[in-house]
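Any read-out appearing in this document is the output of simple, stated calculations on the displayed coordinates, not a laboratory observation. A quick note: this is a predicted structure, and the numbers were derived from the prediction, not measured.
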Amino acid sequence: MVTLTQDQEQRAARIHTEAIVIDQHSDIQMDVVAHRGRGDTRVLAARHLPGLKQGGFNGVVLGTLGRYGLQLYPYLQTPT
């Protein structure tokens, strides 16, 4: 982690407040699916939204399952 001076902290806070901050993650949905596969509920609300809100994010872009579908998530498939 980088240590900032007080002036740098204030400048960063001002820029962050004035800017639109969007997070694009690929690991959030993987974590949600993994926890849902274990029976957890409200995973996004419990595990991810608090940090995003605290970080001051205005938006989040999350990908969806693509052409491989559930093949990437073997724990969601019925065991044979």
Quiz item: From the phi of every residue in the stretch 39-53, what ³J(HN,Hα) in whole Hz does the Karplus formula 6.51 cos²θ - 1.76 cosθ + 1.60 yield, where θ is phi - 60° and glycine or proline is x?
Solution: x, 5, 10, 6, 5, 4, 5, 7, 9, 10, 4, x, x, 5, 5
Exercise. Averaged over every viewing direction, what's the projected area of the C-alpha convex hull for the stretch 1-54? Give it in nm², one decimal, please.
Key: 4.9
Practice problem: Pull out the extension gain between Ala45 and Thr3, defined as 0.36 nm times the separation in residues minus the alpha carbon to alpha carbon distance; nm, one decimal. | Solution: 12.1 nm
Quiz item: Taking H as built 1.01 Å from N, whose amide H comes closer than 5 Å to the amide H of Val60, not counting residues under 5 places away?
Solution: Asp23
